[in-house]
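Colleague: Quick one: this structure, given as structure tokens, is what I'll be asking you about.
The values are calculated or read from the model by the stated rules, or taken from the named source; none is laboratory data. If you're wondering where the values come from, they're calculated on a predicted model, not measured in any experiment. Cβ: placed from backbone, ideal geometry, glycine included. Neighbour counts: every protein chain shown. Please note that ligands, DNA and RNA were not included when accessible areas were found on the heavy atoms of the full protein model with its side chains. Shrake-Rupley method; radii C 1.70, N 1.55, O 1.52, S 1.80 Å.
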Amino acid sequence: MTGATTGVMTGAIGDGAIGVAGAAIILVTAADIFRSLLVPRASTRVLRVAPLLLVALFAGWQAGADRIPFPRLRQNMRASLAPLMLVLTMMVWAALVILGFGLVFWANRGAFQPGFATVRDAIYAAGCAFSTLGINGRVHGDAVRVAVLACSVFGLALVTVVATFLISIQTGYARRETLVLRLESHVTLPPAGIAILETYAREGIVGRLGAFFEAWELWAADVAISHRAFPILLFFRSNDSRCEWLAALGAVLDAAALLDATIADPPDAARAGAHFVMRTGARMLDDMTTQFALGDPRPVALVDVHRFRLHRERLAAAGYAIVEDDRAAFECFHERRRTYAAALATLARRLRVDFDERTGGDDDSEPQQ
């Protein structure tokens, strides 16, 4: 009698542990979904599905893409990583919830008629409840019935929240790419800051440079907010590999630095806009390198004196009044560019944006005809 009682107690304790483990899986997964989809800020918690998938997939995926000799196919493979991570994250969330409820059902298998022969039957029943197909047979006990209903509600809620999340991702991506697409109509690709200034001089709209820089300042602030709230956006690449969004931002910041350091009498709005967009852009890039734990940005080689003088000649030929002291202008440009160039290069290396995609050949980029 004592042995039978001991066996029953041991079985009850084992079932209780299984039930607690299932409940813990459900709670941790629900917290991850809540932080990822509903909280509009980055989270530093370690129990996150998407960061773990990123660690598991990113290096191998990008290494495989680097070995592809065909540029278009290589870019397509790189671009497919973010959608793949998004789909896998949703699948892992659903699998964890089903597993958690399956363990809870198995721990209370006596309440189900007919009962479960194996734990796989319990997980299958949880999957049916999660997908709102329903469970065959009867369920006894109010607590277990609540668990079955909770599983079904969780499935419906996850589908609804994920649909909203996908809309937010699409909206954030579209907002990011709008100005990038507009920039493609200003210069040949890949973009360069010198070509932006030449375009505005050629079209006789230098006075609108202030509005141009203001638009990109607002763009940088919007990207900082959206990519902090939805980090997966960072890994979505632009439609045209010759004008990645990082390359576009780098070209705009270079244009602002060139205007501030080289042009003698720019409109007040243009100079102020250049200052503001450089500050906001540098802040955005620094925040991203910190958020994604990329470490301290490594120094990069800045534009040499020879190339800078070629820029001055092109600006003078475009009709700008140039600062006479080219050495002082170069030092000013160097100081302006160092505020953002290192962080930009760090992100470019992380995302496998080729050097030409990031900065372009300044001697080759020209105003769009």
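Colleague: Please tell me the relative contact order of region 225-288 in percent, rounded to the nearest whole number, where contacts are Cα pairs under 8 Å and at least six residues apart. Working shown, then result.
Modeller: Working: 27 pairs, mean separation 17.1, N = 64.
Once divided by the residue count of region 225-288, the mean separation gives 27 percent.
Colleague: Next up: Diagonalise the Cα gyration tensor of region 53-157 and give the resulting equivalent ellipsoid semi-axes, square root of 5 times each eigenvalue, largest first, whole Å.
Modeller: Working: eigenvalues 345, 30, 20 Å².
Sorted largest first and rounded, they come to 42, 12, 10 Å.
Colleague: Next question. Amide H to amide H under 5 Å from residue 353: which residues, 5+ apart in sequence or cross-chain, H placed 1.01 Å off N in plane?
Modeller: none
Colleague: Run the Debye formula on the Cα coordinates of region 139-296, all scatterers equal and no solvent, and tell me log10 I(q)/I(0) at q = 0.09, 0.12 1/Å.
Modeller: Values, matching the q order: -0.40, -0.60.
Colleague: Please list 3J(HN,Hα) in residue order for region 322-327, calculated via the Karplus relation 6.51 cos²θ - 1.76 cosθ + 1.60 where θ = phi - 60°; whole Hz, with x for glycine and proline.
Modeller: For region 322-327, the Karplus-derived couplings read 9, 4, 5, 7, 5, 5 Hz, x marking Gly and Pro.
Colleague: Given contacts defined as C-alpha pairs under 8 Å and at least six residues apart, what's the relative contact order of the chain, whole-number percent?
Modeller: Reported relative contact order: 19 percent.
Colleague: Per residue, what volume in Å³ does the convex hull of the Cα atoms of the chain enclose? Don't skip to the answer; put the middle values down first.
Modeller: Working: hull volume 58.9 nm³, N = 369.
Hull volume normalised by residue count: 159 Å³.
Colleague: Once fully extended, how much extra length lies between residue 170 and residue 349, figured as 0.36 nm per residue of separation less the alpha-carbon to alpha-carbon distance? Before the final figure, lay out the partial values.
Modeller: Working: separation 179, 0.36 × 179 = 64.44 nm, distance 2.48 nm.
Length gained, residue 170 through residue 349: 62.0 nm.
Colleague: Pull up all non-local amide H partners of residue 322: gap of 5 or more, or a different chain, and H-to-H distance under 5 Å with H placed in the peptide plane.
Modeller: Counting only residues 5 or more places away or on other chains, the set is 264.
Colleague: Shifting gears a bit: Report the calculated FRET efficiency for residue 334 and residue 138 (r = Cβ-Cβ distance, R0 = 45 Å), to the nearest 0.05.
Modeller: Working: r = 77 Å, r/R0 = 1.72.
After rounding to 0.05, the efficiency reads 0.05.
Colleague: Accessible surface of residue 135 in the full protein assembly, 1.4 angstrom probe, to the nearest 10 Å²?
Modeller: Residue 135 exposes around 40 Å² with every protein chain in place.
Colleague: Taking Cα pairs under 8 Å and at least six residues apart, what relative contact order does region 190-339 come out at, in percent?
Modeller: Working: 164 pairs, mean separation 52.7, N = 150.
After rounding, I find 35 percent.
Colleague: On to the next question. Collect residues whose amide H, placed 1.01 Å from N in the peptide plane, falls under 5 Å from the amide H of residue 187; neighbours closer than 5 in sequence don't count.
Modeller: Those qualifying (amide H under 5 Å, at least 5 residues apart or on another chain) are 368.
Colleague: Which percent of the accessible heavy-atom area of the chain goes to carbon and sulfur, probe 1.4 angstrom?
Modeller: Details: 11390 of 18330 Å².
Carbon and sulfur: 62 percent of the exposed surface of the chain.
Colleague: How long is the gain from residue 24 to residue 316 if the chain were fully straight, where each residue apart is worth 0.36 nm and the alpha carbon distance is subtracted? Write out the running numbers ahead of the final one.
Modeller: On the way: separation 292, 0.36 × 292 = 105.12 nm, distance 6.75 nm.
Length gained between residue 24 and residue 316: 98.4 nm.
Colleague: What number do you get for region 302-353 when its Cα radius of gyration is normalised by 2.2 N^0.38 Å, N = residues? Provide the component values of the computation, followed by the final result.
Modeller: Details: Rg = 13.7 Å, N = 52, 2.2 N^0.38 = 9.9 Å.
In units of the globular-protein estimate, region 302-353 measures up at 1.38.
Colleague: Residue by residue through region 218-229, what is 3J(HN,Hα) from phi via Karplus (6.51 cos²θ - 1.76 cosθ + 1.60, θ = phi - 60°)? Round to whole Hz and write x for glycine and proline.
Modeller: Those phi angles translate into 5, 4, 4, 5, 5, 5, 4, 5, 5, 7, 6, 6 Hz.
Colleague: Provide the per-residue ³J(HN,Hα) series for region 130-139, in order, calculated from phi with Karplus coefficients 6.51, -1.76, 1.60 and θ = phi - 60°, each as a whole number of Hz, with x at glycine and proline positions.
Modeller: 4, 8, 6, 6, x, 10, 6, x, 10, 10
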